[in-house]
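The next block holds one structure in the form of structure tokens; read it before the comments.
The values are calculated or read from the model by the stated rules, or taken from the named source; none is laboratory data. Predicted, not measured: the structure shown is a model, and the values here were computed from it. Methodologically, a virtual Cβ is constructed for each residue, glycine included, from the backbone with ideal geometry; neighbour enumeration extends over all protein chains shown. Just so you know, the surface numbers come from the protein's heavy atoms only, side chains and all, with ligands and any DNA or RNA stripped out. Shrake-Rupley method; radii C 1.70, N 1.55, O 1.52, S 1.80 Å.
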Amino acid sequence: MKRNRFKGQFKKAYLYFWILAVTLSVMGILLIDYDKTVDVNVHDTYYVMQAYVMNLFSTVVFLVIGIVYWSFGKMKIELNPILTKLHTIITIVFVVLLIVIPEISKLFFDGFYYGINAILFVLGLIIIVTQFIFIANILRGIFLKLKNI
């Protein structure tokens, strides 16, 4: 009989988010200049944020997501494993892409390539939309738990 070695891997999805949060915070401490800003151009509007504040915010968000996954496991609230996998994989892969793509563009385009802003915006948008999968999974788990009481 063949065993599925990935079967229980996402039961501890909180660990992936905690590792991501710690990695982001360490990168923020070691690599980000406190005076550096991130400019996001959306059509005719510019959003300017300090890179350190953006890093701190994303670290806190991923810590909270990890805490929610951990607490649902402790409270024995069953979450849909497919939604959990989908949320975890998409979020982590696109956050890594969001970090890596600007660095790659600096290497190959001798500076910051203008079109990269649109790519980064789409990546950020995908990350935000993916969080709705997380919310739907949480609400589904709570609803099923209340239904079985």
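The table below lists the values:
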| quantity | calculated |
| --- | --- |
| Test: residue in the stretch 10-32 that is modelled with pLDDT of 80 or more, among the β-branched types (Val, Ile, Thr), open to solvent by less than 80 Å² (accessible area, probe 1.4 Å) and in contact with a Leu (Cβ under 9 Å, 6 or more places away or on another chain) | no |
| Residue that is among the β-branched types (Val, Ile, Thr) and more than 21 Å from residue 58 (Cα to Cα), where the choices are 89, 104, 135, 127 | 104 |
| Within the stretch 86-112, tally of residues that are at pLDDT below 80 and open to solvent by less than 40 Å² (accessible area, probe 1.4 Å) | 3 |
| Any pair with Cβ under 7 angstrom, 6 or more apart, that starts in the stretch 16-33 at a residue that is without any contact (Cβ under 8 Å) to a residue 24 or more places away in the chain and ends at one that is open to solvent by 70 Å² or more (accessible area, probe 1.4 Å) | 32/52 |
| Filtered residues of the stretch 114-149 (kept if open to solvent by 90 Å² or more (accessible area, probe 1.4 Å) and closer than 26 Å to residue 99 by Cβ) | 114, 128, 132 |
| So residue 92, is it in a helix (DSSP H, G or I) and in contact (Cβ under 8 Å) with a residue 60 or more places away in the chain | yes |
| Residues of the stretch 43-75 satisfying the condition of being hydroxyl-bearing (Ser, Thr, Tyr), free of Cβ contacts under 8 Å to residues at least 24 places away in the same chain and under 30 Å from residue 118 (Cβ atoms) | 45, 46, 47 |
| Residue list for the stretch 54-80, filter: of a type outside the set (D, E, K, R) and either touching a strand residue (DSSP E or B) at 6+ places or on another chain (Cβ under 7 Å) or open to solvent by 80 Å² or more (accessible area, probe 1.4 Å) (or both) | 54, 56, 57, 67, 70, 75 |
| Which numbered condition residue 40 fails, given (1) at pLDDT below 80; (2) in contact with a Ser or Thr (Cβ under 9 Å, 6 or more places away or on another chain); (3) among the β-branched types (Val, Ile, Thr) | (2) |
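Quick grid of which residues meet (1) within 19 Å of residue 12 (Cα to Cα); (2) assigned to a helix (DSSP H, G or I):
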site	(1), (2)
60	yes, yes
72	yes, yes
76	yes, no
87	yes, yes
100	no, yes
133	yes, yes
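Yes/no matrix, rows are residues, columns are (1) at pLDDT below 90; (2) assigned to a loop (DSSP other than H, G, I, E, B); (3) among the acidic types (Asp, Glu):
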site: 48; (1), (2), (3): yes, no, no
site: 52; (1), (2), (3): yes, no, no
site: 63; (1), (2), (3): no, no, no
site: 114; (1), (2), (3): yes, yes, no
site: 120; (1), (2), (3): yes, no, no
site: 123; (1), (2), (3): yes, no, no
site: 138; (1), (2), (3): no, no, no
site: 149; (1), (2), (3): yes, yes, no
